[in-house]
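Have a look at the structure below before the remarks.
The values are calculated or read from the model by the stated rules, or taken from the named source; none is laboratory data. Keep in mind that what you see is a predicted model, and the values were worked out from it rather than measured. Surface areas here come from the heavy atoms of the whole protein model, side chains and all, with no ligands, DNA or RNA. Shrake-Rupley method; radii C 1.70, N 1.55, O 1.52, S 1.80 Å.
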Amino acid sequence: MQKERLMPAVTVQQGPRSVELKRELIGKITDAFVETYGIPAETVMVFIEETPADSFGVAGKLAIDK
């Protein structure tokens, strides 16, 4: 059986965060795939979709109001 060569792609949906935190998150997600699947880091794609705090809600309230 041939080893899978598909590139994993992960999308994280979140509220706004700093560039430093996004760098850290992408690094840790990539590391998890490398360690778990035994694949090169270059094959892991991570997308971050940020939604402004005034455009989503939690527990019936806008996130910006918490």
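One table, with the values for the structure above:
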item: Sulfur and carbon atoms: percent of accessible area, the chain [1.4 Å]; result: 56 percent
item: 5 angstrom amide H check on residue 46, placed H, neighbours 5+ away; result: 10
item: Contour excess over end-to-end distance, with Cα ends at residue 24 and residue 53 and 0.36 nm allotted per residue; result: 8.3 nm
item: The chain shape via C-alpha gyration tensor axes, a/c threshold 1.5; result: prolate
item: Per residue accessible area of the chain, 1.4 Å probe, in Å²; result: 81 Å²
